[in-house]
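K.L.:
First the structure, which I've put down as C-alpha cells, then a few questions once you've had a look.
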Amino acid sequence: DSIVQFAETLIGTPYLYASTDPIHGFDCSGFITYVFNHFKINVPRSSIEFTNVGKEIPVIDSKKGDLILFTGTDSTERFVGHMGIIISNDNGNVQFIHSSSGKANGVVITPLNNYYRGRFMKVVRI
C-alpha cells in the first residue's frame, strides 16, 4: 500500500528518457527505481534488467505493488521495454501506474487494455 500511495503522489511528473529525477521527469524504469529506492528496496535501473528479477505471478493473482512488464512499443521485439506498478486488480481488471512516453506523456494510471495486453510479458513480485 505504501509503495502505491507514494507512486500516486508522482502522477503528472513528465516523461524524460533516462531520468530518475522527479523534478525533471522519469522514464518508465526511472520511475520504478525512484519509488522503490524511496523504501530502500534495491531494483535494477533499466527495464530489460527486470527480465529475471523477482517471482513471476499470474496476472489474475497480481497485487498492489507488483510490477507489470511489457515489450517496448514494437511488440514484435519480445523483450522487456516498458513497466509499471500494479495499483489494483479487480478479478483480472488490472490498473497500473507508470511513466508513459505516449500520448499521456508522464506518470499516469492506465488499465491493462488491449493495447497493453498485446505488449504484456509478465507480472513479477519483488
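The values are calculated or read from the model by the stated rules, or taken from the named source; none is laboratory data. Quantities reported herein were computed from a predicted structural model and do not represent experimental measurements. In this analysis, Cβ positions are derived from the backbone assuming ideal geometry, glycine residues included, and neighbour counts consider all displayed protein chains. Quick note on the areas: whole protein, heavy atoms, side chains included, nothing else; ligands and nucleic acids left out. Shrake-Rupley method; radii C 1.70, N 1.55, O 1.52, S 1.80 Å.
K.L.:
Of everything in the range 40-84 that's of a type in the set (Val, Ile, Thr) and closer than 17 Å to Asn113 by Cβ, which residue is farthest from the chain's Cα centre (by Cα)?
P.N.:
Ile60
K.L.:
A further question on this structure: Does Ile11 count as out of contact with any Ser or Thr (no Cβ under 7 Å at 6 or more places or on another chain), of a type in the set (A, V, I, L, M, F, W, C), more than 19 Å from Gln95 (Cα to Cα) and surrounded by fewer than 20 Cβ atoms within 10 Å (Cβ to Cβ)? Talk me through it step by step, then tell me what you get.
P.N.:
Values: out of contact with any Ser or Thr (no Cβ under 7 Å at 6 or more places or on another chain): yes; of a type in the set (A, V, I, L, M, F, W, C): yes; more than 19 Å from Gln95 (Cα to Cα): no; surrounded by fewer than 20 Cβ atoms within 10 Å (Cβ to Cβ): yes.
Taking the combined requirement at face value, the residue does not satisfy it.
K.L.:
Evaluate the range 21-28: report whether one residue or more is surrounded by 19 or more Cβ atoms within 10 Å (Cβ to Cβ), of a type in the set (D, E, K, R) and assigned to a loop (DSSP other than H, G, I, E, B).
P.N.:
Scanning the range 21-28 turns up at least one residue that is surrounded by 19 or more Cβ atoms within 10 Å (Cβ to Cβ), of a type in the set (D, E, K, R) and assigned to a loop (DSSP other than H, G, I, E, B).
K.L.:
Here are some conditions: (1) under 18 Å from Gln5 (Cα atoms); (2) in contact (Cβ under 8 Å) with a residue 24 or more places away in the chain. Tyr116 meets all but one. Which one does it not meet?
P.N.:
If we test Tyr116 against (1) under 18 Å from Gln5 (Cα atoms); (2) in contact (Cβ under 8 Å) with a residue 24 or more places away in the chain, just (1) comes out false.
K.L.:
Could you tell me whether Tyr34 is open to solvent by 60 Å² or more (accessible area, probe 1.4 Å) and in a helix (DSSP H, G or I)? Steps first, please.
P.N.:
Values: open to solvent by 60 Å² or more (accessible area, probe 1.4 Å): yes; in a helix (DSSP H, G or I): yes.
It is true that Tyr34 is open to solvent by 60 Å² or more (accessible area, probe 1.4 Å) and in a helix (DSSP H, G or I).
K.L.:
Can you tell me which residues in the range 79-94 are surrounded by fewer than 18 Cβ atoms within 10 Å (Cβ to Cβ) and outside any loop (DSSP other than H, G, I, E, B)? So that I can check it myself, show each step before the final result.
P.N.:
Filtering the range 79-94 for residues surrounded by fewer than 18 Cβ atoms within 10 Å (Cβ to Cβ) gives 79, 88, 90-93.
Passing the criteria: Ser88, Asp90, Asn93.
K.L.:
Tell me, please, whether a residue that is open to solvent by 50 Å² or more (accessible area, probe 1.4 Å), free of Cβ contacts under 8 Å to residues at least 24 places away in the same chain, in a loop (DSSP other than H, G, I, E, B) and among the hydroxyl-bearing types (Ser, Thr, Tyr) can be found in the range 46-66.
P.N.:
no
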